[in-house]
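The structure appears right after this line, and notes come after that.
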Amino acid sequence: MDNLTKEQRHKNMSHIRSKDTKIEIVLRKALWKKGFRYRKNYELLPGKPDIALTKYKIAIFCDSEYFHGKDWHEVWLPRIRRGNNGEYWEKKITRNMERDAEINKELAYLGWAVIRFWGKDILKDTDACIRVIEECIFEQKMGEQEFEETQD
């Protein structure tokens, strides 16, 4: 996989953040610029969404391709199995993917819409991500309006 020593790899891994990652900051700045206000790492919800638009009940996660298993079977799993400590990483990332699915279900049960973006998609086309969020806001508003009409 790579030719790093154990110490070099440890140093690299220790610098990986779980909050305020580059991809989160890029998306948050774009949302703020559009006038959307949000909570970051919202602890009152399962999974502590990276961004929570509480007004619209939308939870947004900014997932890195590696740690959340994008193209898992095609790309990452074969590489992990060839690399050092493959069993550990396979188990860890598989569990991450399972946890993501569980969190999605919990949030949906609580009435929240869940949006998950891959890091490279955020960096490559932030505007497209914002459009997805705006469409979700529109859908949430339409759902509220339909609910209110049935209550009258």
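A compact table of results
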{"read-out": "Complete set of residues in the stretch 27-56 that are of a type in the set (Lys, Arg) and either outside any loop (DSSP other than H, G, I, E, B) or crowded, with 18+ Cβ neighbours inside 10 Å (or both)", "value": "Arg28, Lys29, Lys33, Arg39, Lys40"}
{"read-out": "Helices (runs of 4 or more DSSP H) contained entirely in the stretch 67-124, each with at least 2 residues that are buried (at least 17 other Cβ atoms within 10 Å of the Cβ), acidic (Asp, Glu) and modelled with pLDDT under 95", "value": "none"}
{"read-out": "Sole residue being β-branched (Val, Ile, Thr) and out of contact with any Gly (no Cβ under 7 Å at 6 or more places or on another chain), chosen from Ile80, Ile133, Ile93, Ile103", "value": "Ile133"}
{"read-out": "When residues of the stretch 105-126 are limited to those that are of a type in the set (Gly, Ala, Ser) and touching a helix residue (DSSP H, G or I) at 6+ places or on another chain (Cβ under 9 Å), the one farthest from Ile23 (Cα to Cα)", "value": "Ala113"}
{"read-out": "Some residue of the stretch 37-48 being farther than 27 Å from Leu110 by Cα and either at pLDDT 95 or above or of a type in the set (Gly, Ala, Ser) (or both)", "value": "no"}
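The values are calculated or read from the model by the stated rules, or taken from the named source; none is laboratory data. Bear in mind that the values here come from a model prediction, so they are computed numbers and not experimental data. Cβ: placed from backbone, ideal geometry, glycine included. Neighbour counts: every protein chain shown.
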